[in-house]
Amino acid sequence: MKPNLLIVDDEEHTREGLELALDEKYEVFLASSAEEAFNALDAEKFEVVLTDLRMSGESGMSVIDYAIKHASSPVCIMMTAYGEVDVAVEAMKRGAFDFLSKPVNLGKLELLIARGLNDRKLKSENRELHHRLDKKFSFDGILGESPALEKVLEKVRLVGPSKATVLVTGETGTGKELVAQAIHQNSDRSRGPFVSVHCAALPAALLESELFGHEKGAFTGATERRVGRFESAIGGTLFLDEIGEIDASTQVKLLRFLESKTIERLGSSKTIEVDARLVCATNRNLEEMTRKGEFREDLFYRLNVVCVDLPALRERGDDALLLIRHFLSHFAEENGFETPILQPEALGILKNYSWPGNVRELRNFCENLVVLKRGAQVGPYDLDPRFTMSESDVKNSDPLPQSLNLSVEENEKRLLRNALLEAGGNKTKAAELMGISRRTLHRKLDRWPELDLKS
């Protein structure tokens, strides 16, 4: 795509002559006055603005002043008559890239534009670099001040710059992908790609192809070669979410990658070296799965070099209130609505709520509140009944034993059963209560059919 260039001059023959000379390399726009230039700058993004100084009405200096404040940051070049060098220097002080004396030497003009565009590119790259440096050792999207979360972030700070494979564990909705992104951002791979794959969302047959790629004719429907996610992540980080859901065949291939840093596409015997860091996540107890023979023990130990265990939201003290304020403000701004005001009694109830769906559930609650309670006062009686259920109500609605010693899987089953009971068997509502997709809920019920109230 050709760069957009705006020529501003009140002399028609000058405008048309410059357009004819520059039209091959640039998408040229014309303006006969400063006012027309202002309108053009408001309507289009320009890489270059070439303006005369002396014009009827406002001068080219006004065009320069307007252009340099524009978000597109165009290269501004001033054209001046002989003897107006002092004015041109003033334009450069204000932000113009350079100036040319009239009559314009076209060869010199083209060189000047090329230099200006290169300078613009370098400045953009420097801004991006500074942005990355500013983000270094920051954790975008991970909000909280609790000691439990701070321990996690400290571990991320330590493991990020290393080459270690990381396993992120925690309940559904605790923010495992955000932690994986933070690990990537705090590594020397931060300029490389961050590639995310939700392993549970793909059938086993498709997952293998998705991860490792395939050659044309590898299977029915493979009409062309496909590069897998491993190759897409070269130079960066590959994040495999729900790693506990992968089948035995994929486990073997994943183990091979961890041992040799090589893969083979489906339908090919060619070995491909892959320089990618692996970060995995699960809400299941992989150690227990290895004991049951459901997950390869050698793969588990390869993945579990460094384990980052995320605390549930109920273990993070006042972080829930901080997150509520953040998300209410975020969704209000996003939708252009007034922020709902939570009364102290309502805040107290929300603080004490267990948030079984963790941050995902809280986020969904805040978006719902912003949409339905725009700018309104929200008291205890405005909250969904699930927030005000007493402990005895919870116990009576929970047919599964509650214990602090329950495994992650057992706790997840208990929470799922509670959500289904509270939703009266409505799977869509139960998924919303847990902060998960309906598809994920159905997948869990396929694994634990005894929990389905309608089974």
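The values are calculated or read from the model by the stated rules, or taken from the named source; none is laboratory data. Treat the numbers as computed from the prediction; the structure is a model and nothing was measured. Every residue, glycine among them, receives a Cβ derived from its backbone with ideal geometry; neighbour counts consider all protein chains shown.
Here are a few things to note about the model shown:
- Verdict on Val49 being in a helix (DSSP H, G or I), in contact with a helix residue (DSSP H, G or I) (Cβ under 7 Å, 6 or more places away or on another chain) and surrounded by 18 or more Cβ atoms within 10 Å (Cβ to Cβ): no
- Leu211 falls short on exactly one of the conditions (1) free of Cβ contacts under 8 Å to residues at least 60 places away in the same chain; (2) in contact with a Leu (Cβ under 6 Å, 6 or more places away or on another chain); (3) among the aliphatic types (A, V, I, L, M), and that condition is (2).
- Hits in the stretch 225-245 (condition: among the aliphatic types (A, V, I, L, M) and in contact with an Asp or Glu (Cβ under 8 Å, 6 or more places away or on another chain)): Ile234
- For the condition among the β-branched types (Val, Ile, Thr) and part of a helix (DSSP H, G or I), Val28 does not qualify.
- All positions within the stretch 282-299 that are in contact with an Asp or Glu (Cβ under 7 Å, 6 or more places away or on another chain) and surrounded by 18 or more Cβ atoms within 10 Å (Cβ to Cβ): Thr282, Asn283, Arg284, Asn285
- Every residue from the stretch 174-193 that is buried (at least 20 other Cβ atoms within 10 Å of the Cβ) and either of a type in the set (A, V, I, L, M, F, W, C) or not assigned by TED's automatic domain parsing to the domain that holds Lys155 (or both): Val179, Ala180, Ala182, Ile183
- Matching residues, the stretch 71-88, being closer than 21 Å to Leu112 by Cα and either surrounded by fewer than 19 Cβ atoms within 10 Å (Cβ to Cβ) or out of contact with any strand residue (DSSP E or B) (no Cβ under 8 Å at 6 or more places or on another chain) (or both): Ser72, Ser73, Ala81, Tyr82, Gly83, Glu84, Val85, Asp86, Val87
- Pairs with Cβ under 7 Å, 6+ apart, first in the stretch 55-68 and in the same structural domain as Phe99 (by TED's automatic domain parsing) and at positive phi, second assigned to a helix (DSSP H, G or I) and not small (Gly, Ala, Ser): Gly57/Glu35
- Taking (1) in contact with a helix residue (DSSP H, G or I) (Cβ under 7 Å, 6 or more places away or on another chain); (2) modelled with pLDDT of 85 or more in turn, Gly141 satisfies each apart from (2).
- Of the residues making up the stretch 18-46, those that are surrounded by 17 or more Cβ atoms within 10 Å (Cβ to Cβ), of a type in the set (Gly, Ala, Ser) and under 39 Å from the mean Cα position of the chain (by Cα) are Ala37, Ala40.
- For Glu224, the criteria (1) buried (at least 18 other Cβ atoms within 10 Å of the Cβ); (2) outside any helix (DSSP H, G or I) hold in every case but one, which is (1).
- Set Ala31, Ala37, Ala43: member being without any contact (Cβ under 8 Å) to a residue 12 or more places away in the chain and either touching a strand residue (DSSP E or B) at 6+ places or on another chain (Cβ under 7 Å) or not acidic (Asp, Glu) (or both): Ala43
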